[in-house]
Every structure is written in C-alpha cells, then in structure tokens.
1. Check whether at least one residue in segment 301-312 is within 16 Å of the ligand (Cβ to nearest atom) and either assigned by TED's automatic domain parsing to the domain that holds residue 31 or part of a helix (DSSP H, G or I) (or both), and report yes or no.
2. Got a sec? Which of 14, 57 is out of contact with any Phe, Trp or Tyr (no Cβ under 9 Å at 6 or more places or on another chain), at pLDDT below 95 and in a strand (DSSP E or B)?
3. Would you please list the contacts, defined by Cβ atoms under 9 Å and residues six or more apart or on different chains, that run from a residue in segment 233-247 that is in the same structural domain as residue 96 (by TED's automatic domain parsing) to a residue that is part of a loop (DSSP other than H, G, I, E, B) and more than 10 Å from the ligand (Cβ to nearest atom)?
4. Can you spot a residue in segment 255-273 that is without any contact (Cβ under 8 Å) to a residue 60 or more places away in the chain, surrounded by fewer than 20 Cβ atoms within 10 Å (Cβ to Cβ) and away from the ligand (no atom under 16 Å from the Cβ)?
5. Take segment 144-173 and flag every residue that is crowded, with 17+ Cβ neighbours inside 10 Å, of a type in the set (Gly, Ala, Ser) and over 23 Å from residue 23 (Cα atoms).
6. Looking at segment 289-317 only, could you name the residues that are over 22 Å from residue 100 (Cβ atoms) and free of Cβ contacts under 8 Å to residues at least 60 places away in the same chain?
7. Any residue at all in segment 148-157 that's within 16 Å of the ligand (Cβ to nearest atom), at pLDDT 95 or above and of a type outside the set (S, T, N, Q)?
8. Give the residues of segment 112-147 that are of a type in the set (Asp, Glu) and at pLDDT 95 or above, sorted by residue number.
Amino acid sequence: MNVRFWPFHLNLARKWTIASNYGPGGAGGTEACGVVFVELRDKDGVVGLGESAPSNRYHETVPSTVAFLEKIDPARLSFSDVMGSMSYLDSVAQDNFAPKGAVNIALLDGAARQAGKPLYDYLGLGFTEGKHITSFSIGIDRPQIIQEKVLEASSYPILKLKVGSADDTNNLAALRQAAPTKLVRVDANEAWKTKEEALERLEWLASDKHIQFVEQPMPATTSDNDLIWLKNRSPLPIMADESYRSIADVERCAECYHAVNVKLMKAGGGSSGFRALQAARKAGLKTMLGCMIESSILITAAAHLAELADYLDIDGNLLITNDPYIGATAQNGVISFAGASERFGLRVRARSEDKKE
Ligand SMILES: [Mg+2]
C-alpha cells in the first residue's frame, strides 16, 4: 500500500464564529480551516480517499495530524482488512481520532471500491434518495449579517443557529424577520455555565414554536446531576455534541440527553461513527450526523451513514468556496448521490479530474 497526504486550507464563504471562538463586541471567528487529505493506493491501483478535519476543541491540529500520519507504516494497511488496519493504527499512538478517521475513511473507500459497491451498500445500509435533508448552519454574527445569511440560505428548509453570544436575542429576532416559521435547530456549543442559566435560555427558545432541539447547552464537563436536572425540566429536547465523542459516552448521554450528534472526526472515522450511531439508537437516543468545516470527502462519507441518523447536519462543504472534491450533493438541503459520477466506494472524485474530461 502507498500512502500520500497533504494539508489544505478550506476558505470559508463567511467568517465562521461559534460560542467557543466568539470574542467581545463580535471579535473572533475564523476565515479558513486546515484539513489534511489522505490517499491510499494498493498494488492493483485501487485508490481510497480520506480527509482529516482536526478540531482544537479535541486538542487536534493539522501538525498533530501530519505527525501521526508520518508514523504510519503503509504496509500494515489493507483494503481487505479494515478492522485489522484500524487495530494497527491504535497501536501506533492513542487518541489522534482525526488522522485515524481519515485513514479509516480511505480504507472504507478502497474496500467498497474493491467490492464493486457504493459504501452505503458495502456497509449494509443502503441509501434512500429524497429522504435525507441537511440543515444549513448560521454562525454567530451581527443581527444584520444574520439576516443576510438567512436570506442567502432561503433554499434550505432547516437552519441551525449558533448561539452563546451577547447578541442571541437580536440574532434569533433577525433570523425570524427573514424566515418567520422555518424549522430551526439551535447549537449553544457549551455556552451556558449554570443549569439555571441553561434552563432560562431553553425556556426563552421554547417560546419560538419552530425550534426543534438545542445542542450542547452546557459544558461537556457538567456533572450528570446538573444535566439530568436540566433534561427533566427542559421544554425542548437537548442533544449531546461535545458530550458524545464516541460509543464510550453512550450510557451517560442516554441518562443526560434526549439525542446525540455523531461526527466522523470526533468518533475516529466511518467505522466508529457507524457504531456510535447504532449504539445511540439502541440506547433510545435520537441521532444526528454532524460535521466540522470539511470538504466533500468527509461530508460524503457521513452521507453514506444517513440511514442511521434521525437528523442530518452535514453542511461543512456548503460553507466553503474552494472544495477540491465532488460527491453527494445538497440541493435545497436534500442529500443525493444521483449526480455522483463515481459508482463505487465513497462516490467522490477530485474536481480537477472533472475538468480534464
Ligand atoms: Mg454542535
């Protein structure tokens, strides 16, 4: 097996601000996000594509991703043995979920191509066209910009509003001026520090009759007692994101939340994302598939797991201007493989290959 990897900067169409990088007076936010693309090629020429979108929140960066990938012996990776290859990666170093996730996705791509199947069929899930709709995320901003963003996103039937700033009330009001009754998901990204503050904000949000649920109202380090107190009183379902990293967190989340957000980059790839979704459903939790700022490689990888999710929030590739890949599309929010020119594996190809034809 041959492995190649290269860092890349995804440029955001609009500055991206959430509670954790919001500064006083509207400062903060980011204009580009670093990812690392991975390509595996076996001796028969079968290629698998992967991507790592490391997140500071989980203490992972582009340099830490590259440092891990440099330690890999590609001779120990095989499209014919994805699980064995993952055990090898776990023996290289602990944690490093973002680079392990990238290699896992490349392995799954190659394995499904080798089997002559789309990844969703290789995984036994299938994919129903017309059924899976992603939300479109509106980051924290000034109310006037929120309104502009919401109007720009008018073709998307579901929005996700980031909160956790001093402008929350004005921002929701601005959103409602542009989209009075649109279904909205809210993400607090751990912003509310006490259970009383969280409950007060949840009650305020519940006075809007078109809010579906609220993600991560309090920090992941909040005690179980406080989270259970909040869950029992919350007028809206609460969803774990930062609290649900992988299958190891499932029991705690079943006690403390109504739903979980699974991201391939938190879980360490498609195989562990699959298990995290399945375990959450078995525990009675509603499931969402989420994402980081990512190219179409990771977004499409998540789309292959759509049948395991009650909700989709896989819009990271819609927020960038220089996506080098094409895979699943999201016209009007509807995730589709109908236009994918690749038949097997992830069904992703480089945009530059399209230009050559
Ligand atoms: Mg979230």
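1. Looking only at segment 301-312, we keep the residues that are within 16 Å of the ligand (Cβ to nearest atom), and these are 302, 309-312.
Remaining after also requiring either assigned by TED's automatic domain parsing to the domain that holds residue 31 or part of a helix (DSSP H, G or I) (or both): 302.
Checking segment 301-312: at least one residue is within 16 Å of the ligand (Cβ to nearest atom) and either assigned by TED's automatic domain parsing to the domain that holds residue 31 or part of a helix (DSSP H, G or I) (or both).
2. On the way: 57 fails: in a strand (DSSP E or B).
Selected residue: 14, the only one of 14, 57 that is out of contact with any Phe, Trp or Tyr (no Cβ under 9 Å at 6 or more places or on another chain), at pLDDT below 95 and in a strand (DSSP E or B).
3. From residues that are in the same structural domain as residue 96 (by TED's automatic domain parsing), there are no pairs.
4. yes
5. The first filter runs over segment 144-173 and keeps only residues crowded, with 17+ Cβ neighbours inside 10 Å, leaving 145-147, 149-150, 153, 156, 158-165, 167-168, 171-172.
From what is left, the residues that are of a type in the set (Gly, Ala, Ser) are 153, 164-165.
153, the sole residue that qualifies.
6. Of everything in segment 289-317, just one residue is over 22 Å from residue 100 (Cβ atoms) and free of Cβ contacts under 8 Å to residues at least 60 places away in the same chain, namely 310.
7. Of segment 148-157, the ones within 16 Å of the ligand (Cβ to nearest atom) are none.
No, segment 148-157 contains no residue that is within 16 Å of the ligand (Cβ to nearest atom), at pLDDT 95 or above and of a type outside the set (S, T, N, Q).
8. Of all residues in segment 112-147, those of a type in the set (Asp, Glu) come to 121, 129, 141.
Listed by number, the residues that qualify are 121, 129.
The values are calculated or read from the model by the stated rules, or taken from the named source; none is laboratory data. Computed from a prediction, not measured in an experiment: that's the story for all the values here. Because the Cβ atoms are built from the backbone with ideal geometry, glycine has one as well, and the counts that use them run over all protein chains shown.
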